[in-house]
Every structure is written in structure tokens, then in C-alpha cells.
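The values are calculated or read from the model by the stated rules, or taken from the named source; none is laboratory data. As the structure is a computational prediction, the values presented were derived from the model and not from experiment. Methodologically, a virtual Cβ is constructed for each residue, glycine included, from the backbone with ideal geometry; neighbour enumeration extends over all protein chains shown.
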Amino acid sequence: MTSLSPALQARLAQPLFIGSVKLHSRVLQSPLSGVTDKIFRRLVRRYAPTAMLYTEMVHAAGVCHVETLPQIMEIDADEHPVSIQLFDCRPDFLAAAAQRAVAEGADTIDLNMGCPVNKITRKGGGSSLLKDPDTAVAIVEAVVNAVSVPVSVKTRIGWDDDHINAVEFARRMEGAGAQMLTLHGRTRAQGYKGAARWDWIAQVKAALDIPVIANGDNVSVEAAVQSLAQTGADGVMCSRGTLGYPFLVGEIDYFLKTGQRAPEPTVIDRLLCAQEHLRQIAEYKGYRGICQARKHMTWYAKGFSGAAELRDALCQIESVAEGEAYLQGAIAQLAAQGETARVWREPQSANAPWVLPRVQPEPTPLRV
């Protein structure tokens, strides 16, 4: 059974400060490109009312070159605390973009120095800055001087196994003015493969005075508690574990505060959440939202009899009505089978195969 040691519980009971920003949660929702838009953040916020949330990463040059703020930077009035994450390799562009982000309502500015995607690293952004710490320092200094809110950095332990420079790089970020550092315990070469190396996070935590957040493999309450115990980190950031499961940040936060497990959502709870997600993202983004919702819907549809068939259908939907029909059919079938389990697992027996409801296709909406 997962439990908190008295020392760990006492440490986590204290507020977390990112510079002047006081947080009442030690669990943070990671910025995820194509995922953590305003709609997804609303769902996370429902279950984690005090956690720090992050926007998708925003290209600083894009912000500086357009007259209106991109939709990706839009923040609900009641979703604070929230941070806007920026990426680029040019200090002046990042400083200007940070000022616009603060005007939009960001409580902190986060600088992405860990994204492993080729199209980002080829242009000198993301984790490629691990190979160019002088530029990384110039970026932090420029942004810190440009805004009045705290600035944080999210990075990785190194470019590859032959170039792990997490401690030295983190020290330089702190020296440049960063007031929190989130460390993903993998190299850029690893991408998202293999286990996160929490021992490097522990070394960075021991070397810095600013808060250090552990990122990588925090996919459950048990993993998050283990991560905090092994690394000594000041908090944990949840990433891929929240895909199709916006309950995770709240579950971990609840356990860290109470030592008790929050009731887990049932399969039906998750599908109802998927339905709400679909409706809201379509209302917000139109047909583009429906296209984006397909991947979200397939993430929700896991861990029960008939899930594969449901995923196949949901990844092709062309309208909200079509997606709702599939989800409602699954919910009805699960209810008829007496689905009440509060865990993700295959039913002990599947008396009847799950059958996709027949959906009358609607005319293809105008793409906007």
C-alpha cells in the first residue's frame, strides 16, 4: 500500500513558491503540444482546483509576428494559477513574447528547453539548448528582465548518454534568474522511451536552491510518491499519464494532501468525460476541434471490453453527434453489463460482445 513517510508528508504540506507565486499544490500539469488547450485545462482544473496548469508551448516568433494573440494563449479568467510556456532560440523574441503572455494573464513564464522533436531542435529550440548553454543563459536573462512575473525552465538531463549535463546546465539556469526548474529524467535521444532516470533529478535537486520539479513516469499516485521520495523534488509534473485521463493531477494532489486515495473514476465516468471534452472542443474550435478530438477520444477509450472497436470508430468521427452516438452506445452497453468497477481493467467476463451503434452520417461540416 502506498503511503507517505512523516518527513515527506511534512515537507509537502508547505506551500510551493515559484518566486513570488504561492502554490497550494505540489502537482503540476505538464504543457503538452496539441493537448493542453483551454478545454483540456478546464477538465484538469475541475479535479485539481489549486494545481499549476500550463498552456501548450507557444512559438515566440509566431506571437511576435501576428497582430492578435493566437488561440493557444487564451486563458480562462478563473483558471489560475496558469503558466504560458514559450520556445525559441532568440532572446529578443522570447522577451517580447513573454511580455505579451503576461498581458494575456500568465502567472509565470515557462521556457521550453527540453522538447525533443526534430522540427524544434533543428531550429535551435527545445532540448538543443542543452548543447548551447550560453544561449540558454541569454534567453533566461532577457525574459527575466522583460517581465515582472517569475520565470521557470523545463529541460531534460542531457542531449544523449554521452552528454548528460543536467547539474551544470541547471546551475546556470538558476544563476541566470530562473526561479524554478522542471527536469524530465530522460535525454533528448531517449525521447519518451525507457525509464526516466530519477537519480539525475535527485542530483539536480541537491545542487539548486530554487524549487525542482520531477517530470517523467509520474503516471499514477504510486509513481508520483516514489518519485518524490527518491528525488527529494519539490513537486511532480504529470505528462502522458493525463492523456485521456484528466483526473490524474487531482488524484495525486488529493493523496499528497490527505494520505487517502480519491475514488477512481469508473469506465463510464471516463466516457462521460470524453463526451464533454468532445462537445466543448468542437464548440471552441469548430471542425478543427472535432479533428483534434479524435486522438483524445481514443485515449479515453481504453481498459474495457469493446474498447478497441470504440477507438476505431472514434478516430474517424466527422461530427459531435457521431461521436456522442458511439460513446452513448458504449456507455449503455457497459451499464447493461453492470459496470461499476472503479479501476481500469478488463471485465472478468464479457457475456456479450460490444456492438457499435449504427450512426447515420451527417453531411461533412465546412472546415474552418
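Brief remarks follow.
- Here the helices (runs of 4 or more DSSP H) wholly within the range 237-333 that include at least 3 residues being in contact (Cβ under 8 Å) with a residue 24 or more places away in the chain, within 29 Å of residue 196 (Cβ to Cβ) and of a type outside the set (Phe, Trp, Tyr) are 248-258, 267-285, 287-300.
- None of 176, 189 is among the small types (Gly, Ala, Ser) and in contact with a helix residue (DSSP H, G or I) (Cβ under 6 Å, 6 or more places away or on another chain) except 176.
So that you can scan it fast, the table gives a plain yes or no per residue for (1) under 30 Å from residue 176 (Cβ atoms); (2) crowded, with 21+ Cβ neighbours inside 10 Å:
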{"residue": "203", "(1), (2)": "yes, no"}
{"residue": "225", "(1), (2)": "no, yes"}
{"residue": "235", "(1), (2)": "yes, yes"}
{"residue": "276", "(1), (2)": "no, no"}
{"residue": "279", "(1), (2)": "no, no"}
{"residue": "285", "(1), (2)": "no, no"}
{"residue": "291", "(1), (2)": "no, no"}
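- Taking the range 110-225 as the region of interest, the helices (runs of 4 or more DSSP H) fully inside it that hold 3 or more residues being assigned by TED's automatic domain parsing to the domain that holds residue 29, at pLDDT 95 or above and β-branched (Val, Ile, Thr) are 133-146.
- Scope the range 12-45; condition at pLDDT below 95 and of a type in the set (A, V, I, L, M, F, W, C); matching residues: 12, 13
- When each of 34, 62 is tested for being within 14 Å of the chain's Cα centre (by Cα) and either within 27 Å of residue 294 (Cβ to Cβ) or among the basic types (Lys, Arg) (or both), the lone residue that passes is 34.
- Total residues in the range 34-74, condition in a loop (DSSP other than H, G, I, E, B), of a type outside the set (A, V, I, L, M, F, W, C) and on the phi < 0 side of the Ramachandran plot: 10
- Tally, over the range 293-332, of residues that are touching a Gly at 6+ places or on another chain (Cβ under 9 Å) and surrounded by fewer than 16 Cβ atoms within 10 Å (Cβ to Cβ): 1
- The single condition from (1) at pLDDT 95 or above; (2) of a type in the set (Val, Ile, Thr); (3) surrounded by fewer than 18 Cβ atoms within 10 Å (Cβ to Cβ) that residue 68 fails is (1).
- Scanning the range 181-201 for residues that are under 23 Å from residue 248 (Cβ atoms), among the aromatic types (Phe, Trp, Tyr) and crowded, with 16+ Cβ neighbours inside 10 Å gives a single hit, 198.
- Which listed residue, of 78, 110, 132, is of a type in the set (Asp, Glu) and more than 30 Å from residue 273 (Cα to Cα): 132
- Close contacts from the range 80-105, counting a first residue that is under 14 Å from residue 149 (Cα atoms) and a second that is assigned to a helix (DSSP H, G or I) and polar (S, T, N, Q), with Cβ to Cβ under 9 Å and a gap of 6+ residues or different chains, come to 95/145.
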